[in-house]
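Once you've had a glance at the structure underneath, I'll fire off some questions.
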Amino acid sequence: MPSYAVTGANRGIGLAFVRQLSAKPENVVFALVRNLNTTENLKNLKRSNVHILKADISNIAELKAAAAEVAKITGGSLDVLINNAAYLALDRMGLHLDGYPKGQEQLLEEDLLTFYRVNVIGVVHTINIFLPLIKKGSLKKVIVISSGAGDLDFTVAGTFAVNAPYSISKAAVNMVVAKYAGEYKEQGIAFLALSPGMVDTTPPGAAPITTLEWMQKEVEKFKKVVPDLPPPLTPDESVLKMFKVIDALSVDNNSGAFISQNGDKNWF
Ligand SMILES: NC(=O)c1ccc[n+]([C@@H]2O[C@H](COP(=O)([O-])OP(=O)(O)OC[C@H]3O[C@@H](n4cnc5c(N)ncnc54)[C@H](OP(=O)(O)O)[C@@H]3O)[C@@H](O)[C@H]2O)c1
């Protein structure tokens, strides 16, 4: 019975991972959420192979408790860990590094630290805490959901200056993946930084991100680099594509790489 753990599983791409994984009754799926009071989407799936566990990825004690619970159910192993959770601060995503209002240097510093703390250190803690289980699993894969926003060449080519603290955190987590891939190649554990593409994860009732003024400018820039820019993917479309890449992943194929849902450096 293949076992999967997904962080940030209550909505967006994480929920789509759980939905598709749990559609196969032979899979055991651990949906990690930071708030047990917002799990209606998961409960509505009505899948007996989904186990909902509490884990804020910046909380070591919660991660350890979740891993212990997983081990209890699987007998001590986990096949695939999908690090999907990420911190996003939508209201400040449109700012440049030098664009925070005068006198708000402290807010810039807090943003840089918070993005790093959750999206990099939180992922490192999650991997370290689940690694003993992965070592005993049969598939031995660790996925980190990254972003094309963390691609240096793409950033320079497109002159993308907004969303800096997030992009910096994703670039850093790509290096995290490369480090683990090197360390665990001999032990047969594969790691991958995987970008999901541009995915519409707007919560019901909220304005889509593409309607924000800074995002519209950004999309115009995207089109200069990618003239035939496709529309955003749905979470399920993105996850379907990502599974093809995840299934093909091994220590000899793409481990340590940073690639997209297309299996290459095409981020859309
Ligand atoms: N959507 C895109 O176009 C896109 C593009 C590139 C990369 N990505 C990446 O894809 C992943 C999923 O994105 P998404 O669009 O689905 O995001 P989303 O809809 O905003 O969902 C983010 C998820 O992460 C959880 N989360 C946030 N901070 C957490 C923490 N400290 N501990 C545990 N969980 C936490 C949220 O929980 P709550 O519900 O409790 O807030 C939520 O479940 C992220 O890694 C993101 O960077 C997305």
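Read-outs: derived from the displayed coordinates by stated rules, not from any lab. All of these numbers come straight from a predicted model, not from anything done at the bench. Neighbour counts run over all protein chains shown; Cβ positions are idealised from the backbone, glycine included.
Under the definition of Cα pairs under 8 Å and six or more residues apart, what whole-number percent is the relative contact order of region 203-268? Don't skip to the end; give the middle numbers.
On the way: 27 pairs, mean separation 14.9, N = 66.
Reported relative contact order: 23 percent.
How would L42, L194 line up from fewest to most surrounding beta-carbon atoms within 10 angstrom? List each step's numbers first, then the result.
Values: L42 23, L194 26.
So the residues, fewest neighbours to most, are L42, L194.
How high is the relative contact order of the chain, in percent, counting Cα pairs under 8 Å that sit 6 or more residues apart? List each step's numbers first, then the result.
Working: 489 pairs, mean separation 49.6, N = 268.
Here the relative contact order equals 19 percent.
Right, another one. What does the charge count around E26 come to, taking other residues whose C-beta lies under 13 Å from its C-beta (Lys +1, Arg +1, Asp -1, Glu -1)? Show your work: numbers first, answer last.
On the way: positive: K24, R47; negative: D79.
Spelling it out: positives minus negatives among the neighbours equals +1.
For the residues Y184, Y100, what sequence is obtained by ranking on other C-beta atoms within 10 Å, fewest first? Mind dumping the intermediate values first?
Values: Y184 21, Y100 16.
In increasing order of surrounding Cβ atoms, one gets Y100, Y184.
Let me ask something else about it. Of N174, N41, N254, which has the largest mean-square fluctuation in a 10 Å C-alpha GNM of the chain?
The residue that fluctuates most here is N41.
On a straight-distance basis, which lysines could pair with K72 in a cross-link, Cα separation under 18 angstrom, same-chain partners fewer than 8 positions away excluded?
Here the lysines satisfying the reach criterion relative to K72 are K54, K64, K135, K136.
Here's another thing I want to ask about it. What order do you get for T126, T39 when you list them from fewest to most C-beta neighbours inside 10 Å?
Values: T126 25, T39 18.
The fewest-first ordering by Cβ neighbours comes to T39, T126.
Between region 130-172 and region 15-68, what's the alpha-carbon centroid distance in Å?
That distance is 21 Å.
Which three extents, in angstrom, do the Cα atoms of the chain have along their principal axes, listed largest first?
Here the spans come out as 53, 41, 35 Å, largest first.
Still on this structure, I have one more. Please give the net charge around K265, taking every other residue with its beta carbon less than 13 angstrom from that of K265, where Lys and Arg add +1 and Asp and Glu add -1. If you can, show how the numbers build up before the last one.
Details: positive: none; negative: D151, D153, D264.
Neighbour charge sum, excluding K265 itself: -3.
Also, quick follow-up: Net charge within 14 Å of T159 by Cβ-Cβ distance, Lys/Arg positive one each and Asp/Glu negative one each, not counting T159 itself?
Working: positive: K217, K221, K223, K224; negative: D151, D153, E218, E220.
Taking every Cβ under 14 Å from that of T159, the sum is 0.
Give the residue list of GluC sites (Glu not before Pro) in region 26-102 that are DSSP loop and have at most 12 other beta-carbon atoms within 10 angstrom. Could the numbers behind the result be given before it?
Values: sites: E26, E40, E62, E69; in loops: E26.
Hits after loop and neighbour filter: E26.
If you restrict to DSSP beta bridges whose two residues both lie in region 116-268, what percentage is antiparallel, to the nearest 5?
Numbers: 1 of 11 bridges.
Rounded to the nearest five, the antiparallel share is 10 percent.
Sticking with this one: Looking at the chain, what % of its DSSP beta bridges pair antiparallel, to the nearest 5? Kindly include the intermediate steps, with their values, before the conclusion.
Details: 1 of 28 bridges.
That works out to approximately 5 percent antiparallel.
Continuing with this model, one more query. Residue farthest toward the positive end of the dipole of the chain, with Cβ of Lys/Arg at +1 and Asp/Glu at -1: which of S167, A248, G205?
A248
Working out 0.36 nm times the residue gap between T210 and Q106, then minus their Cα-Cα distance, what length gain in nm do you get to one decimal? Provide the component values of the computation, followed by the final result.
Details: separation 104, 0.36 × 104 = 37.44 nm, distance 2.84 nm.
Contour length minus the Cα-Cα distance gives 34.6 nm.
Name the trypsin sites (Lys or Arg not before Pro) in region 1-55 that are in a loop by DSSP and that have at most 11 other C-beta atoms within 10 Å, would you?
Working: sites: R11, R19, R34, K43, K46, R47, K54; in loops: R11, R34, K46, R47.
In loop regions of region 1-55 (DSSP not H, G, I, E or B), the sparsely surrounded trypsin sites (Lys or Arg not before Pro) are K46.
Using θ = phi - 60° and the Karplus curve 6.51 cos²θ - 1.76 cosθ + 1.60, what whole-Hz ³J(HN,Hα) does each residue of region 72-89 get, with Gly and Pro shown as x?
Ordered by residue, 3J(HN,Hα) equals 4, 7, 8, x, x, 10, 8, 7, 9, 10, 10, 7, 9, 4, 8, 7, 9, 10 Hz.
Which GluC sites (Glu not before Pro) in region 170-232 pass both tests, a DSSP loop state and at most 11 other beta-carbon atoms within 10 Å? Write out the running numbers ahead of the final one.
Values: sites: E183, E186, E213, E218, E220; in loops: E186.
Answer by residue number: E186.
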